[in-house]
1. Just to check your reading of the model, which residue among Asp180, Asp202, Asp160 is farther than 24 Å from Thr36 by Cα and of a type outside the set (A, V, I, L, M, F, W, C)?
2. Among the residues of the range 248-263, is any hydroxyl-bearing (Ser, Thr, Tyr), touching a helix residue (DSSP H, G or I) at 6+ places or on another chain (Cβ under 7 Å) and open to solvent by 30 Å² or more (accessible area, probe 1.4 Å)?
3. Among (1) surrounded by fewer than 16 Cβ atoms within 10 Å (Cβ to Cβ); (2) modelled with pLDDT of 85 or more, where does Asp360 come up short?
4. Would you check which residues across the range 268-288 are open to solvent by 40 Å² or more (accessible area, probe 1.4 Å) and either among the aliphatic types (A, V, I, L, M) or in a helix (DSSP H, G or I) (or both) and list them?
5. Of all residues in the range 90-110 being out of contact with any Leu (no Cβ under 8 Å at 6 or more places or on another chain) and open to solvent by 10 Å² or more (accessible area, probe 1.4 Å), which is modelled with the lowest pLDDT?
6. Looking at Ala344, Ala339, Ala291, which is the one that is part of a helix (DSSP H, G or I), touching a strand residue (DSSP E or B) at 6+ places or on another chain (Cβ under 9 Å) and of a type in the set (A, V, I, L, M)?
7. For Gln87, state whether it is modelled with pLDDT under 90, assigned to a helix (DSSP H, G or I) and of a type outside the set (Lys, Arg).
8. Across the range 146-189, which residue is modelled with the highest pLDDT among those that are assigned to a loop (DSSP other than H, G, I, E, B) and in contact with a helix residue (DSSP H, G or I) (Cβ under 7 Å, 6 or more places away or on another chain)?
Amino acid sequence: MPVLKQLNERDPVLPVMVDDFVPASERCVNFTHSITAIIQQVESQTGAVQKILDGTDIEVSMLARHTTRTSCQHLEKVVRNTLNLMQDTDVALRAGRRMRVTSYGMYGYALLSSANFIDVSMVNNKYILSGSPFCQAPMILQGNGGYCTLTPRQWTDPADMAYRFSVEFALAAHLSVCRDVTGGRFGFSRVELAYPRPVYGDAYEQVLECPVSFDQEENIYWFEAPGVQDPLPFADARTNAMVLEICEKLLSELNVSGGVAADVRELLVEYVGHFPDLEGVAAELGMHPRALRRRLTNEDTSFRELLRDVRMRLAVEYLRKTELTNEEISCRLGYSDAANFRHAFKRWTGCSPSEYRGMDSSDS
């Protein structure tokens, strides 16, 4: 049985599983490849490897193990340490170019074994969360090319150097990986970025090999990929089907374990009985409501879906583990009356709250 704890003083009767509500920033769900690339780049320039891991519980030797996972907190520390050590340098761009398609594990092999670039874009759009910790980056195809918008996952302020770092790393990594996948038939045609030109601005055009403009509305690159329907050099239908199945499993684990959706769930549970609206949750997370909606969309969910999920999970816990009446449960879940709660519960489960409670009692 999972360990249980009382929710909090707002609602002391409901037991909640501890593992379900570990803060998203502390969940170790990411692979080590991006941090490894950063450390390799810093080492090539300074030799000061361990300083990059200061404040984490990670040792350099752990990065080579396939079982090692890192959290958003780890990535935050590594990025901040790197920025402190390597101020105003192009280290993120250089580290990103170190990434190869095989660096990304099963996600990388799903890209590499895709039939054509149309499939590559579909794999990227659905499974990038399982491969890249820095940016959400949906690709839109247009003719023999298209565009891709980069939205940092952990940082929302373009004035934050960590925001810039995440975009730089993602841009360079995308260029490197897409060239691997296409056998070199890929390139950026131009890049626009939502922050001022840094002092090392010339490095952008050197690394990305295209015109770059700053102080724009969003982070976006346009690309050319001739023959988007042509077979790719490493296409393999059997391998692709196998690794996509693994990517699907990884994605489902990440959707439960990490991302801003997990933070929203935690806040909703914390305020059970008087759930905040989307604007209230955005304020708690220090985000603009529009940015929160966009981040949730990138994680294939919405505020409404998360609220429904939290209500359903809490309703089940109440019915299984307390003797609260339907009226009391409906009040705790923010319904105007018990009838609305009963209708909602039947939509979720196919049975009424009373029927569910009776089934659970008969099982025990």
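The values are calculated or read from the model by the stated rules, or taken from the named source; none is laboratory data. Since this is a predicted model, take the numbers as computed values, not measurements. When we count neighbours, we look across all protein chains shown, and the Cβ atoms used for this are built from the backbone with ideal geometry, even at glycine. Each accessible area value is taken on the protein alone, full model and side chains, heavy atoms only, with ligands, DNA and RNA left out. Shrake-Rupley method; radii C 1.70, N 1.55, O 1.52, S 1.80 Å.
1. Asp202
2. No.
3. (2)
4. Those that are open to solvent by 40 Å² or more (accessible area, probe 1.4 Å) and either among the aliphatic types (A, V, I, L, M) or in a helix (DSSP H, G or I) (or both): Glu270, Glu279, Ala283, Glu284, Leu285.
5. Narrowing the range 90-110 to residues out of contact with any Leu (no Cβ under 8 Å at 6 or more places or on another chain): 90-92, 94-95, 98-100, 103, 105, 108-109.
Those still in the list that are open to solvent by 10 Å² or more (accessible area, probe 1.4 Å) too: 90, 94, 98, 100, 103, 105, 109.
Details: Asp90: 96, Arg94: 97, Arg98: 96, Arg100: 95, Ser103: 89, Gly105: 86, Tyr109: 93.
Per the criteria, the residue is Gly105.
6. Details: Ala344 fails: touching a strand residue (DSSP E or B) at 6+ places or on another chain (Cβ under 9 Å); Ala339 fails: touching a strand residue (DSSP E or B) at 6+ places or on another chain (Cβ under 9 Å).
None of the other options fit; the residue is Ala291.
7. Details: modelled with pLDDT under 90: yes; assigned to a helix (DSSP H, G or I): no; of a type outside the set (Lys, Arg): yes.
Considered against the rule, which asks whether it is modelled with pLDDT under 90, assigned to a helix (DSSP H, G or I) and of a type outside the set (Lys, Arg), Gln87 comes out as no.
8. Pass one, the range 146-189, residues assigned to a loop (DSSP other than H, G, I, E, B): 153-160, 183-186.
Applying the additional criterion that residues be in contact with a helix residue (DSSP H, G or I) (Cβ under 7 Å, 6 or more places away or on another chain) yields 154-157, 186.
Values: Gln154: 83, Trp155: 86, Thr156: 84, Asp157: 89, Phe186: 95.
If we take residues in the range 146-189 being assigned to a loop (DSSP other than H, G, I, E, B) and in contact with a helix residue (DSSP H, G or I) (Cβ under 7 Å, 6 or more places away or on another chain), then Phe186 is modelled with the highest pLDDT.
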